[in-house]
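I have a structure here, written as structure tokens, and I will follow up with some questions on it.
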Amino acid sequence: MISEAGLMEISEIMDSFNIEEITSMIKKQLGFDTNDVDVFSDIKVDHFKPLYYKYSKLTKYDLDENTAQEADEKFINICKTFLEQIFLRFNLTINEDWYDNNQHNIIALTLAVYDFFVINFESNLFEVLFNYIIKNKDAIYKTFEDMKNKKDASSISNKKIFTPEMALIVSNIYNINTWILSYINEDDFLNYMNDLYVPMIIIKKLYESGELTGEFISAIADIFTNSPSLMSSIGFKFISMVKHGEIKDLFKVIE
């Protein structure tokens, strides 16, 4: 038998599963309300996991069938709300039958999609841009070679520290990052990520199966180019890592 305190906790949790409030919360985090893409820079608040924790707490109680079903339905609707808003923000569409055929996977997909596109958006973007630069340094240098004689303060300083090729990349990192996002496609983005990153594995599998479709790169590029704080944060991180030796000069011959 559930205690009075337990019944109160169950009631509070069920009341907190308010779809209107949760929809408003996720829309604000995604910048829908203000059309402010700077919200994607350094996201620290995870709105989903506290809700998931509350839902998990319900499982410790011996709920009657109706209450258990209501709890499941409410939380699945919360998951769908998160997914629908994120998919809308990133130009994605999931097969209409997927939800019906994968009821047991909806929570896992929500965790993966929210982690990939929201919570770790900036770090994932940095990883892709960093790996692309590492693997395509020569092509990038050739593309931006006509800028190597630009006499701004940063390029002059960088030429004293790095090889001319690396100095060019460091001095033009903001333009290079923007160029990369205009050049790569969705498969490239996923392939330049850590092979063991579970959210990427899940999203890539859905993409390859055709159950998830859409051009999320265009949305990411739009967010990046219209967010001065995000562009600066990622560019500065690359420059700082290079200058502090965390990233070696890509063009320097090791003797």
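The values are calculated or read from the model by the stated rules, or taken from the named source; none is laboratory data. Nothing here was measured: the structure is a model prediction, and the numbers come from that model. For neighbour counting, all protein chains shown are included, and Cβ atoms are generated from backbone atoms with ideal geometry for every residue, glycine included. For accessibility, only protein heavy atoms count, side chains too; no ligands or nucleic acids. Shrake-Rupley method; radii C 1.70, N 1.55, O 1.52, S 1.80 Å.
Give me the accessible area per residue for the chain, probe 1.4 Å, as a whole number in Å².
54
Can you compute 3J(HN,Hα) from phi for each residue in the stretch 100-106, using the Karplus curve 6.51 cos²θ - 1.76 cosθ + 1.60 with θ = phi - 60°, rounded to whole Hz and x for Gly and Pro?
5, 8, 9, 3, 6, 10, 5
Let me ask something else. Between residue 131 and residue 146, how many nm apart are label points set 7 Å from Cα along the C-beta direction?
3.2
Could I ask something else about it? Across the Cα atoms of the chain, what radius of gyration and what greatest pairwise Cα-Cα distance (Dmax) are found, in Å?
Both quantities, over Cα of the chain: 22.5, 78 Å.
Follow-up. Quick check: at a probe of 1.4 Å, how many percent of the accessible area of the chain sits on carbon and sulfur atoms?
Its accessible area is 51 percent carbon and sulfur atoms.
Can you give the accessible area of residue 142, probe radius 1.4 Å, in Å² rounded to 10?
Around 150 Å² of this residue is reachable by solvent.
Among 111, 88, 196, determine the one that fluctuates most according to a GNM of the chain built with springs between C-alpha atoms less than 10 Å apart.
Taking springs between Cα atoms under 10 Å, the residue moving most is 196.
Put +1 on the Cβ of every Lys and Arg and -1 on every Asp and Glu Cβ in the chain; which of 198, 182, 24 then has its Cα farthest towards the positive end of the dipole?
Final value for the positive-end residue is 182.
Also: In what order, largest first, do 184, 134 sit by accessible area if the probe radius is 1.4 Å?
134, 184
Whole angstrom only: what separates the Cα centroid of the stretch 204-255 from the Cα centroid of the stretch 16-82?
The stretch 204-255 and the stretch 16-82 have Cα centres separated by 29 Å.
Can you list the GluC sites (Glu not before Pro) in the stretch 73-103 that are in a DSSP coil and have 15 or fewer other beta carbons within 10 angstrom?
Of the GluC sites (Glu not before Pro), the ones in loops of the stretch 73-103 whose Cβ has at most 15 other Cβ atoms within 10 Å are 96.
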